Each structure stands twice: as structure tokens, then as C-alpha cells.
Amino acid sequence: MMNIEELNLPPGFADILRKDIEKLNPVQQKAVEAGLLDLKNSFVIASPTASGKTLIAELLMVKTILEKSLKAVYVVPLRALAMEKFERFREKYSQLGIKVAISTGDLDADDIWLAEQDLIILTSEKADSLLRHKANWMSKVGVAVIDEVHLLHDAGRGPTLEVTITRLKKLNPQILFLFLSATIKNSDELAKWIGAKLVKSDWRPVKLHQ
């Protein structure tokens, strides 16, 4: 498996990653070998739960922020998940000078203060609200991670999420998307929709036994 030292990462980034891992797992390596760190392509990652998809997102977001001076948004379906990601990312990446923020509340506010932040965690409803309020900083987003993207098929949340993705793409045609899911069935179609590379894997950290 590929060592962290082999990756083309900004200064200090590898040191932070090594506190948790020394080598990429098969899913992560497959994404890197497909060109994740070139910052030129969107990706759809379809792999089992706990297979390291969040680290793939971190690699793409942090590299984009530090090397392109653009923002990253991480969109999740639930407030509890948003808080979990916020605390994790802030603890790790404030060391690199990255300003991490979370916004999941008032859907009638444009949250101007987010313009000063680098990595912003949002619920899909909040992301939709910010776009509808024409938050100017959204045009500076270089990468948008959509976690649990299979919810596009959900009757309640799906339309909002689809509109959010469509608006982001229209606002910034150069934006890179990273779709993450463990249960997505039409990953080929989603990859084609956003012009992304597809990385599929059945690898699990612990094998399932019946």
C-alpha cells in the first residue's frame, strides 16, 4: 500500500495525517492513482461504510484550500454529522492555518461571516439556503464534498440536494465535486452527470461473515 510520504501534499499536511495513519488503504490508494491529487477532476467514491472515504475528502479539500486558495464545503444530511465533522476537521487542520466553520441553523440568514472561512461544513438545507440568498463567498468554493449522496433518491431530501449541486455547478463551472456513498446503485449515472471519475470498491476494513 502507498505510504503517506509518497503523496504530493502541501507542507505540514503529511505530518498531520501520520498521527492517524502511515499508509493509504486500497480505496484511498485507488482514488489517488485515479488522479485525486491533481485537482483536475471530480470523483464519485462508492465503497462500504468505514472504508476511509472521509480521508479521501480531506486530501482533496485541504490540497485545494492550500494550493489554490479556494474554499471547500462539506455537505452532510444531518446536524449531528455536521458537528462531528466540524470538530474533527478543526482539531486537525487549524494547525495548518485553515479556518474551519459550521453552519446548520437559520435558513433565512446568508451568514456573511463565512466569507472569512476556508472549510465550511453545511447541511444540504443550509447549503441550498445560502445559494438562494446569493452568498457571495459561494463563488469562491473550489471543491464541494457531498456525503451520503445516495440521498438524492430520497423523496424528502433528494430534490433539495439535487438543486444545491446544480446551483453550485452553475455558479462555478470549474468546481470539483466529490460524491461519497456506501449504498449508491447508479454510481455510473452520477459520475456521468457531473463529469466525474468513478472509484468503486468492495474493500472493507473488517470482512463480513454470514
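The values are calculated or read from the model by the stated rules, or taken from the named source; none is laboratory data. Predicted model, so just to flag it, every value in this text is computed and none were measured. With ligands, DNA and RNA removed, areas are computed over all heavy atoms of the protein, side chains included. Shrake-Rupley method; radii C 1.70, N 1.55, O 1.52, S 1.80 Å.
A convex hull fitted around the alpha carbon atoms of region 16-64 yields 76 Å³ per residue.
When you restrict to C-alpha pairs under 8 Å that are six or more residues apart and normalise by the size of region 52-210, the relative contact order lands at 22 percent. Each residue of region 1-119 gets 120 Å³ once the volume of the Cα convex hull is shared out per residue. Per-residue ellipticity at 222 nm from helix content only, as computed over the chain with -39500 (n - 2.57) for each DSSP H run of at least four residues, stands at -10500 deg cm²/dmol. Over region 1-133, with every protein chain in place, what whole percent of the accessible area is carbon and sulfur at 1.4 Å, could you tell me? Within region 1-133, the accessible surface is 49 percent carbon and sulfur. At full extension, Ala14 and Asp202 could sit 65.0 nm farther apart than now, given 0.36 nm per residue minus the alpha carbon distance.
Cα gyration tensor of the chain, axes a ≥ b ≥ c as square roots of the eigenvalues: rounded (a/c below 1.5), prolate (a/b > b/c) or oblate? In terms of gyration-tensor shape, oblate. Within straight-line reach of Lys23, meaning a Cα separation under 26 Å, sit the following lysines at least 8 residues removed in sequence or on another chain: Lys40, Lys53, Lys63, Lys68, Lys85, Lys92, Lys197, Lys200, Lys207.
Across region 128-210, counting alpha-carbon atoms alone, Rg and Dmax equal 14.8, 52 Å.
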